[in-house]
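The values are calculated or read from the model by the stated rules, or taken from the named source; none is laboratory data. What you are looking at is a predicted structure, and each value in this text was computed from that prediction instead of being measured. Glycine also receives a Cβ, built like all others from the backbone with ideal geometry; neighbour counts cover every protein chain displayed. Side chains are part of the model used for accessible areas, which takes the heavy atoms of the whole protein and leaves out ligands, DNA and RNA. Shrake-Rupley method; radii C 1.70, N 1.55, O 1.52, S 1.80 Å.
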Amino acid sequence: MARIVGIDLGTTNSLVAYMDKGTPRVISTRHERAMVPSVVALTDNGLIVGDPAKEHLTRNPERTVYSVKRFMGKSLADVQGELAYFPYTLTEKGGVIRIQLGEKSYSPPQISAMILKELKLRAEAFLGESITKAVITVPAYFNDSQRQATKDAGMIAGLEVLRIINEPTAASLAYGLQKKTQGTIAVYDLGGGTFDISILKLKNGIFEVLATNGDTHLGGDDFDQLIADLLLKEIRAQQGLDLSTHSDHMQAVRLEAERAKIRLSEELKITVTLDLPDGQGRFTRELTRDQLEGLCSPLVERSLGPCRLALKDSGLNPTDIDEVVLVGGSTRMPLVRQRVQALFGKQPHCELNPDEVVALGAAVQADILSGGTTDMLLLDVTPLSLGIETMGGVMSSLIRRNTTIPASAKEMFTTYVDGQTGVDIHILQGERELAKDNRSLARFRLKVPPLPAGVPRIEVTFLIDANGILNVMAKDMRTGETQSIEVKPSYGLSDQEVERMIEDSFKFAADDVSARKVIEARLDAGALITTTEKSLADGGHLVSAEEVAKIRTALSALASAKEGTDPRAIRGRMADLEQAAKGLTVAMLDDSLKQGLQGKKISDVT
Amino acid sequence: MNGHIHNTDDRRELQMARSMCWHCQSEMAGEYFCDRCVKVQPVSKDLDYFTCFGLPRRLVIDTQVLESKFYELSRAFHPDFYQNKSDAEQSISLGNSAMLNTAYRTLRDPIQRAEYLLDLEAGSVKDIRTSPPADLFEEILELQETLDEFRESDRTSEHAARLRTKLHTDRTNLEERQRDMEARLQQLFSRWDALQDRGEATEQARAERTLILKDMRNILSNRTYVKNIVNDLVATIA
C-alpha cells in the first residue's frame with residue numbers, strides 16, 4: 001500500500017510527518033525547517049506559501065492570507081466581529097467565505113489546499129515518492145462543516161484524505177507510543193487559533209476518548225491581539241497616531257506582539273520596539289511578564305471552563321487524572337502551565353515538542369490505517385450533539401456529544417397530510433435547546449410516495465463515521481428501497497464546487513507541475529548518481545582509465561545540472577551519463593556471469 | 001446448503017439467510033467472521049446487546065468483562081483495520097462498529113441497561129411520564145409554582161433570594177428521592193438476576209418475573225421524571 005503521511009494543518013504553522021520503521025518523524029531538510037507557516041501570499045510571481053509568504057505580511061498585507069483556519073466551514077456572519085483585524089478582503093458566496101487575492105477570490109479550503117500542496121511537495125521531495133494519501137488533523141471541537149471543509153482542502157490539494165483525526169487525540173497517540181502510558185490522561189491543546197481538551201483512557205493499546213470539549217476560537221492569535229490592541233492604544237495616546245489605517249504597520253504591530261509574547265515565556269521583562277510610519281520615529285515600551293499575564297489571564301481562565309465540562313462529562317474528578325499532557329505552542333506560556341497545574345493538581349508533561357506532537361500522532365494514525373501498526377487503536381468521540389429540527393423549532397437530539405464514533409441513529413419519518421410527497425429535514429449540531437441557537441449543518445428533502453397521511457414509513461439513518469463526519473441514508477420501509485440524499489451543506493462547498501476547485505487547482509498549478517518535474521528529475525538524477533558511483537567503486541577496474549574519466553565527467557555534469565531548475569537539462573545529462581557508463585555496465589554484467597552470479601538482476605549491478 | 005430457504009417460516013428463513021457468509025456463501029459457524037474465507041460478517045439486527053458481548057441477560061454485570069470484550073470487538077470491527085479491504089467489508093465494519101458502540105454505551109450504564117432489558121423482555125417502549133408520580137404530586141406542583149415565580153422575579157431582590165433558598169432545599173430533597181429510587185432499582189436488579197439464575201419455569205416464577213418487570217418500569221419512569229425536573233431546576237437557578 002502506498003505511503004500515507006500525517007499532516008498537522010495548523011492556524012499558524014503546518015507540518016507533515018511520516019512513520020520511519022515504527023518511529024514517527026516530522027519532515028524537514030537541511031534548508032527547510034519542519035514548520036511551514038500557514039501563510040499564502042499573492043506576489044508578482046504568483047502564489048507563494050510558507051516562510052517566503054510570511055515576509056509579505058508587512059510588505060503586502062492586503063494580499064497575504066494568514067490564520068485561514070479560522071474561516072474553515074464558516075459564513076461571513078460567523079466572523080463579523082473580527083473582520084476589522086484582517087487586512088485582506090473577505091466576501092461571501094453561497095454561505096462560504098471568499099478571500100480576495102488580486103483579481104481572484106478563493107474559498108478557505110482552496111487557500112488551505114495551497115498549504116497542503118506545499119507539504120505534499122516537501123514530503124515527496126524528502127521521501128522520493130509520490131504522495132497521494134494523508135491523515136489530516138483538526139481541532140477536536142471542530143463541527144461537521146469545519147471537518148468537511150478540511151477534507152475538501154485535501155481533495156483540492158490532490159490528496160485522498162483517509163482520515164480526519166482530532167489534534168489532542170493525535171497527540172495522545174504520539175505520547176502513548178513513546179511513553180507506554182496506561183491510565184487516564186488529559187490532553188490540554190492550546191494552539192494558534194483553537195483550544196481543545198480531551199480526556200482519554202489508555203489501556204492495552206486502546207486509546208478511548210471519554211470526553212472532549214473546547215473552543216474553536218481561542219488561541220495564541222487572541223493573546224497577540226490583546227497585546228497589539230494595548231500597543232495601538234498607547235501609540236494613539238502618546239503619538240496621536242492611528243495605525244489602524246496603515247495595514248502594513250498593523251501587521252508589524254501584530255508580529256511584534258507575537259514576538260513579545262514568545263520572549264516573555266523565557267524572560268521576565270523585554271522592550272517592545274516599533275517603527276512608526278512616515279519617518280515619525282519609533283515607539284518603544286517595556287513589557288513585563290506580569291503585565292502580559294494580567295492581560296491574558298481572562299483568556300487562560302476561559303480555557304478552564306471546557307476542561308471542567310469535559311471532566312464532568314467523563315464522570316471524573318481532577319484527582320482521577322493520572323497525567324496531563326500539554327500540546328500546542330501556546331502552552332509554552334508559564335501562566336498557562338500554572339493554571340493547568342492548579343486545575344488538575346499535578347505537574348503537566350511537556351517532554352514532547354508541543355509544536356510537533358500532533359503531526360507525529362497523525363503519522364502514527366496513518367501507519368495504523370496502512371496496516372503497519374496493529375496494536376494501537378483510537379476510539380474517538382463526536383464533540384457535539386447531532387439532531388434534527390422538530391415542530392416548534394426545537395432541536396431533537398439523535399446522537400449525544402461524547403458518543404464514541406462511528407455512531408449511528410435511526411429515525412422513522414412519515415407524513416402529516418394525504419398525498420404529501422416530501423418531508424423536509426434540517427440537521428443541526430450543538431447543545432442548545434432551540435434549533436436556531438445551534439449550528440445548521442444541512443437541509444434535505446426526503447422523497448415520499450403520495451399516500452394517505454401517516455402511511456409512508458421512511459427510515460433515515462444518521463451515521464457519524466470515524467472522521468466525525470455525518471453520512472445520511474434513507475430507506476422506504478414499505479418497499480425496502482434506499483434513496484440517495486442530496487444534502488445541501490449550510491456552510492460548505494457542494495460536491496460540484498469542490499470538483500471545480502480541483503480542476504482549477506490543476507489549471508493554475510502550471511507552476512506546480514513544472515516544480516514537480518524538477519523535483520522528480522532531481523530525485524531520478526540522485527538515484528542514478530548513487531548507483532553509478534557504486535558501480536565505479538565495484539567495477540571501475542574492469543574498464544579503461546579513459547572510460548572511467550569519461551564517466552566521471554558525465555557524473556559531474558549531471559551533478560551540476562541537478563542544482564539547476566531545468567528538468568530537461570537534468571534528463572539530458574542523465575542520458576549522457578547512462579551512455580558513458582554503458583561499457584562499465586556491460587563489463588560488470590560479463591564479470592558477474594563469469595563468476596556465476598546468475599541470480600543477480602541486471603538492475604542490481606548497473 | 002440453502003435447502004432450508006424454502007421454509008415458510010419467515011423468521012427462520014431470515015435466520016438461515018444470515019447464517020451464510022455474504023462473501024463465499026458457505027454456512028457460518030463462527031460468530032463474526034466466516035470460518036472459511038475469514039471475511040467480517042454484518043452483526044445480525046436480531047442479536048441483542050447481551051449476546052453480542054457474550055454476557056448473560058442480567059442486570060448486575062461485571063463492567064471489567066464488558067470493557068475488555070468491548071475492546072476486543074473494537075479491534076475486530078473498527079474501520080481503521082479495514083482501510084485496505086473491499087467497499088463491502090468497509091461498509092460492514094462501519095455498521096458493526098456503530099452498533100458495537102451503541103451496545104457498549106447501553107450496557108455500561110445501569111439505568112440504560114435496565115431500560116434496554118425491559119425493552120427486550122416486555123417489548124415495551126420507554127414510558128414517558130407526563131404527569132408527576134402520585135406520591136410526589138403535591139410536592140412537584142408546588143415546586144413548579146416556585147420555579148415560575150422565581151423565573152418572573154427580579155433576581156436581585158430579597159424575594160428571589162428566598163425563593164432560591166427554597167429551590168435549593170427542594171433540589172436536595174428531590175435528589176434524595178432519586179437516590180432512593182436507584183437503591184430500590186438495585187434491589188429489583190438483584191431479584192431479577194437471582195430469578196434468572198434459578199431458571200424455574202413455575203407459575204410462581206412467571207408471576208414474580210412479571211411483577212419485577214412492572215415495578216422496574218414504574219420506578220424507571222418515575223426516576224426519569226424526577227431527573228428531568230432536577231435538571232430543569234438546576235438550569236433555572238444556575
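Computed quantities for the displayed model
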quantity: Net dipole in debye of chain A [+1 Lys, Arg Cβ; -1 Asp, Glu Cβ; about Cα centre; nearest 20]; calculated: 540 debye
quantity: Chain A - percent of accessible surface contributed by carbon and sulfur, probe 1.4 Å; calculated: 49 percent
quantity: Estimated [θ] at 222 nm from DSSP helical runs (n ≥ 4, -39500 (n - 2.57)) normalised by residues in chain A, nearest 500; calculated: -12500 deg cm²/dmol
quantity: Dipole axis of segment B:74-171 (+1 Lys, Arg; -1 Asp, Glu on Cβ), positive-most option in B:ASN101, B:THR169, B:PHE150; calculated: B:ASN101
quantity: Helix A:108-127 axis, angle to chain A major axis (alpha carbon atoms, nearest 10°); calculated: 30 degrees
quantity: Rounded percent of accessible protein surface that carbon and sulfur make up, chain B, 1.4 Å probe; calculated: 49 percent
quantity: Between 0 and 90°, nearest 10: helix A:582-594 axis offset from chain A longest Cα axis; calculated: 80 degrees
quantity: Alpha carbon convex hull of segment A:384-504, projected area averaged over orientations, nm²; calculated: 8.5 nm²
quantity: Cross-link reach list, lysines versus A:LYS261, counting only Cα pairs under 26 Å and skipping chain neighbours closer than eight places; calculated: A:LYS54, A:LYS69, A:LYS233, A:LYS269, A:LYS346
quantity: Sequence-distant aspartates and glutamates (8 or more away, or on other chains) whose Cα lies within less than 12 Å of A:LYS436; calculated: A:GLU389
quantity: Within chain B, helix-based [θ] at 222 nm, where runs of 4 or more DSSP H residues each add -39,500 (n - 2.57), nearest 500; calculated: -22500 deg cm²/dmol
quantity: Total formal charge among the other residues, if their Cβ is under 13 angstrom from that of A:LEU369, Lys/Arg +1 and Asp/Glu -1; calculated: +1
quantity: Sum of side-chain charges, B:GLU139 neighbourhood, beta-carbon under 10 Å (Lys, Arg +1; Asp, Glu -1); calculated: -3
quantity: FRET efficiency estimate (nearest 0.05) - Cβ-Cβ, A:ASN204 to B:GLU158, R0 51 angstrom; calculated: 0.30
quantity: In degrees, nearest ten, helix A:144-156 long axis to first principal axis of chain A (Cα); calculated: 20 degrees
quantity: Within 10 Å of each Cβ in A:465-476, the average number of Cβ atoms from other chains; calculated: 1
quantity: Calculated log₁₀ intensity ratio I(q)/I(0) where the Debye formula runs over C-alpha points of segment A:220-296, q = 0.13, 0.14, 0.16, 0.25 Å⁻¹; calculated: -0.35, -0.40, -0.53, -1.23
quantity: Per-residue ³J(HN,Hα) for segment A:409-422, Karplus 6.51 cos²θ - 1.76 cosθ + 1.60, θ = phi - 60°, Hz, x for Gly and Pro; calculated: 9, 10, 9, 9, 10, 9, 10, 9, 10, 4, x, 4, 10, x
quantity: Among A:ASN166, A:GLY422, B:SER221 - extreme Cα towards positive end, dipole of the protein assembly as shown, charges at beta-carbon; calculated: A:ASN166
quantity: Shielding by partners - mean other protein chain Cβ count within 10 Å, residues of A:406-412; calculated: 4
quantity: Distance (nanometres) between label positions extended 7 Å along Cα→Cβ at A:LYS233 and A:ASP375; calculated: 5.5 nm
quantity: Translational diffusion of segment B:134-237, µm² s⁻¹ [Kirkwood Rh, Cα pairs; Stokes-Einstein; 20 °C; 1.002 mPa s]; calculated: 134 µm²/s
quantity: Buried area at the B-A interface (accessible, heavy atoms, 1.4 Å probe, summed, Å²); calculated: 2000 Å²
quantity: Orphan Cys of chain B, criterion: no other Cys C-beta under 4.7 Å; calculated: B:CYS52
quantity: Residues of segment A:336-477: accessible area per residue with a 1.4 Å probe, Å²; calculated: 40 Å²
quantity: Reach of A:LYS562 by Cα under 24 Å, taken over lysines that are not fewer than 8 positions away in the same chain; calculated: A:LYS117, A:LYS120, A:LYS517, A:LYS534, A:LYS550, A:LYS582
quantity: Compactness index (Cα Rg / 2.2 N^0.38 Å), the protein assembly as shown; calculated: 1.13
quantity: Dipole axis of segment A:131-246 (+1 Lys, Arg; -1 Asp, Glu on Cβ), positive-most option in A:PHE142, A:LEU210, A:ALA157; calculated: A:LEU210
quantity: Spin-label pair A:GLN595/A:ARG445, simplified geometry with 7 Å Cα→Cβ offset, distance in nm; calculated: 7.8 nm
quantity: Cut-off 13 Å between beta-carbons: net charge of the residues surrounding A:VAL79, Lys and Arg +1, Asp and Glu -1; calculated: 0
quantity: Cβ crowding within 10 Å averaged over residues, with A:342-353, A:194-205 ranked highest first; calculated: A:194-205, A:342-353
quantity: Amide proton proximity set for A:VAL325, modelled H, under 5 Å, gap of 5+; calculated: A:ALA186, A:VAL187, A:TYR188, A:HIS349
quantity: In range of the label at A:ARG59: residues from segment A:238-252 whose backbone nitrogen is under 20 Å from the point 7 Å along Cα→Cβ; calculated: A:246-252
quantity: Segment A:1-80, accessible area per residue, ligands and nucleic acids excluded (1.4 Å, Å²); calculated: 42 Å²
quantity: Paramagnetic label zone (point 7 Å from Cα along Cα-to-C-beta, A:THR531; backbone N under 17 Å) in segment A:567-590; calculated: A:571-590
